[in-house]
1. Helix-derived [θ] at 222 nm for the chain: sum -39500 (n - 2.57) over DSSP H runs of at least 4, divide by residue count, nearest 500?
2. Return the Rg/Rh ratio of segment 22-278 with Cα-based radii and a Kirkwood Rh.
3. From the residues Gln177, Val97, Phe189, which one has its Cα farthest along the dipole of the chain in the positive direction, the dipole being from +1 and -1 charges on Cβ of Lys/Arg and Asp/Glu about the Cα centre?
4. Can you pull out the chymotrypsin sites (Phe, Trp or Tyr not before Pro) in segment 151-229 that DSSP calls coil and that have at most 15 other Cβ atoms within 10 Å?
5. Once the Cβ-Cβ distance between Arg187 and Ile123 is put in as r, and R0 is 35 Å, what FRET efficiency do you end up with, to the nearest 0.05?
6. Taking a point 7 angstrom from the Cα of Trp51 along the C-beta vector, which residues in segment 69-105 have backbone N less than 16 Å away?
7. Comparing Thr88, Thr216, Thr152, which has the greatest mean-square fluctuation in the GNM of the chain with Cα pairs linked when under 10 Å apart?
8. Roughly how many debye, to the nearest 20, is the charge dipole of segment 1-90 about its Cα centre, given +1 on each Lys and Arg Cβ, -1 on each Asp and Glu Cβ, and no other charges?
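Derivation of every value follows stated rules applied to the coordinates shown; laboratory data play no part. Being a predicted model, the structure only gives us computed values, none of them experimental. In this analysis, Cβ positions are derived from the backbone assuming ideal geometry, glycine residues included, and neighbour counts consider all displayed protein chains.
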Amino acid sequence: MNIPSLPLAELADAAIDFLVETCAPFTRAGAEVVSALLDIFEHGLLACPPWLFIPLLCGITWLLTRRLLFPLGVGLGFALLWNIGLWTPTIVTLALVLASTVLSSLIGVGLGILAGVCKPVRICIMPLLDIMQTMPAFVYLIPAVLFFGLGTVPGAFATIIFALPPVARLTALGLRQVPKNVVEAARSFGATPSQLLFKVELPLALPTILAGINQTIMMSLSMVVVAAMISAGGLGEVVLKGITQMKIGMGFEGGIAVVILAIVLDRITQGMARKKQKE
């Protein structure tokens, strides 16, 4: 007995074609916004020469961590990247991560606030976030290419969507973990819903939100490397060339650069979270 197969591929193709045609004005507008933000970060960071950028980064790291050895390690790590000729790819990757993180955080915090204060929204959003977090990273490249073609902008869009769930989840979690007695006390003093949210709940939830932003940065960095497959550039392109051209040394250097960047971004955001907790 032959059971007919469901035409899932045909349905998916028809749905994508419909969305591409229908959403063309919105995708063009979104591409312009993302492209402008990428240009701001990339040109701004590249305008700062390495000999000035590295001491500034070390100073920022020391202010956030208050530890002497880690800023020294940051300086040595970035000096190594400068020395081996990976400064420009590193800055391109950093700009892509920062731009993606900013947009992911804005969207994710907004969704998290809605999910934290409104139970029906939370019931609808959480399954979608579950699906997004379990989906392989490569899958996000398909709609990005279909909607935006090849280049840095589709890589940024894929990264934004891929890195969005952690900050949305942890924002909602942070708001739900605000002590009920604090909320009731604020209400008893006549706080309006907006005052309660922005002056009581969000400040108390900020360490948890920063933990979500930390995870978003790490996921953005991992996706940026994968996005080199659609010509996003940066360190991912170095790693990809090392793999495809069997240049093991080049791939190793690109991998080391990604690790250094990941450690620096992770420690800086963790330092910000610890500073907020102490306050």
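1. Value at 222 nm, helices only: -27500 deg cm²/dmol.
2. Ratio of gyration radius to Kirkwood radius for segment 22-278: 1.01.
3. Farthest towards the positive end: Phe189.
4. Here the sparse-neighbourhood loop sites are Phe189.
5. 0.90
6. Of the residues in segment 69-105, 79-80, 82-83 have backbone N under 16 Å from the label point off Trp51.
7. Highest fluctuation of the listed residues: Thr88.
8. 780
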